[in-house]
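Single-structure report; data block below.
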Amino acid sequence: MVKLKSAFRFVRPPPSHRPPPFRKYPPPSASPEPFTHAIEYNELQILCPQEVDSSSNYTRDDPRCAVPRGAVAVGDEAEAVRSEFRLLSGDLVNVTLEEVDEAEPGSRRRQLAQSRADLAAAASGGRQLLDTTSTSTMAPVLPPSKSFRLRSLRAVRQSEQKEIYTGTPIDLRTIVFIMDFSDCRMPQSPAVTKERVTRDILRTSTSPTNNLANYYSTCSYGKTIFNPDNTIVVGPVPMKCLGGTPAIPRPPRPAPPPRPPPRTNSTRPAPPPLSRRNATYEDWWDLSRFCSASEQQAWERAAEAFAQAEVAKNPDDPEMQKLARLLQWRTRRRSIYILPSNVRCSWAGYADVTCTSATCSAYVRGYGSATTPHLVMHEVMHNYGLEHAGRGVLEYGDQTDVMGDYSKASSGLLCPNAPNMYRIGWAKPINPPGTPPFTPDANGAVGAFGNLTVANFTTSNWIRGLVIPAQGTRDDNMVVVNVGAAGPELDAARITGVNKYYFSYRVRNATAGGYDSGVSSTFHRKVLVHRYGGIQSERVFGFRPDLVDSGPTFASSRSATWTSPFVPLHDNGLGGAVRVVVVSATDTEAVVNICRMTETRETSCGDGLDNDCDGATDDQEDSDCQ
Ligand SMILES: [Ca+2]
Ligand SMILES: [Ca+2]
Ligand SMILES: [Zn+2]
């Protein structure tokens, strides 16, 4: 089975200037530099397939599985493999791995030998204490060793897409595990109690307003159900620092014809070397040193075993009966693992992208800051299949989406941006004027009226007076324009090189916990322009929404007019540019005029169209024609 995982972490930006000399420290009230987000990495991991144990009804790893758990591709390579094979987390694949010599001989072997020695010592009762110098900080950093290389991959069984809303609310099942690694001198913060975590994820009288239940129900307009009866917090789950599972003998098999994995020219930084690239046929873990697929799988096994033991202790307790029901649930149960802050992972959060297997996971490291509820929401939305919300070169730079930079959201809700909302079916383009809110249109829930292509601009280049409601007021709330498509149909003529633009309107809700109560003043009452090429398919990846500009005063023009780059018209007449003019923007809606530009300077002076979208048509009006 494969899983695509996405990591997330915070870094503080370097100070923008040196403090002047001979000055006192700033007063304690000075707020620290805001968090920004660093690009982390994606990983393609191989894991054992899950199956249901018929005697207990619990989900477990296939006991015949002899797969070394590990990452077979990282970063750009992971994304390339995922795209080429259209992999979904939970797909069953047949991989051929190649054992490779290490680039740096000795280091990896030494680690292995040391870990085996530790394991042997642990097994014989004389557990070795860990090197205390290495447990207090993230160091030492070990180089990743490429003991295995992906030689070929073949999909055996593709999972069904499950996360995109199709008209029936998605009723989530969730278990949150508080992990206890004190055996490894990684104590969980005392503040992380079951009561605290329960408050953060459910909607109680003492919950923060950005609790997870509120986030789900408000941002999805009720399309996702997060029912307290289907949610439980378990723990602390104690776990041994070191351990292993015995190898299953692997039958010799003839190698299939080689098929090299796709390569890309990497432009992104190499992943931080905190994860060992597995590794061995014996699956072992060492929490004191690593944070790789083997460790992650060990956390999950320990958590499942602990929860099952809790149920066995008190089988008649209603809470334990609820836990048993959740443990036996077989469809994409969400498992959220809360890890101590000094666990040896480089990320702040890590999650399965999409969720089709019996369970899928999100890991959160260092629980308890004011932004933790946002981080939890960010990770569980990866389970929904969402990717990061960027702004230009900043992968997490979009401050209008919890999948981007939520550092300004305080305790408000920062719902996903228009492209991400569209991607998972939570919101759609606008319906015709007069349609009541939250009403599916005649074709289901597609929202064809606000989905504009070249076909909409044949009799006039301008469509005037389009009303874009504030995103929180109704679920049909965006206008999407693609001048590279002849029509909205899937088989309509299309050209490449033209971006699809999403126009939406965001208003900060003054009510605590209200929709978009976490939108910062920068984007309050702003028409947003996002560029996005994704579609509503979980198997089509690699399209991150990009926040391009926001108005009524757009940065690119210092005016209420925003114009996309111009793509010369193709032979089939497709291409050009999109121009948007913000006419008005109130607390509930924005009104815009949209023009499809087919000429940068009006040269078709007798066609009755304002080809260059300057507001003047042909000979009588446009000075270009005179
Ligand atoms: Ca004209
Ligand atoms: Ca004109
Ligand atoms: Zn992320």
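Here the Debye sum runs over all C-alpha atoms of region 484-618 as equal scatterers in vacuum, and log10 of I(q)/I(0) at q = 0.18, 0.21 Å⁻¹ comes out as -1.12, -1.30. Once all Cα-Cα distances of region 533-587 are split into 10 Å bins that start at 0, what whole-number percent is in each one? Calculated over all Cα pairs of region 533-587, the distribution is 19, 30, 36, 13, 0 percent. For V540, neighbours were defined as the other residues whose beta-carbon sits under 12 Å from its Cβ, and their charges (Lys and Arg +1, Asp and Glu -1) total +2. Counted by Cβ distance under 15 Å from I225, the other residues give a net charge of +4, where Lys and Arg count +1 and Asp and Glu count -1.
Using C-alpha pairs below 8 Å separated by at least 6 residues, the relative contact order for region 493-626 is 15 percent. Counting only aspartates and glutamates at least 8 places from K240 when in the same chain, those with an alpha carbon closer than 13 Å to its own are D118, D180, D183, D286, E295, E300. All other residues with a Cβ under 12 Å from the Cβ of E160 taken together, and with Lys, Arg as +1 and Asp, Glu as -1, what is their net charge? Within the 12 Å Cβ shell, the charges total +1.
Every read-out reported here was derived from the displayed coordinates using simple, explicitly stated rules and does not represent laboratory data. Bear in mind the structure is a predicted one, so any value in this text is a computation, not a measurement. Reconstructed Cβ throughout: ideal geometry from the backbone, glycine too, with neighbour counts over all protein chains shown.
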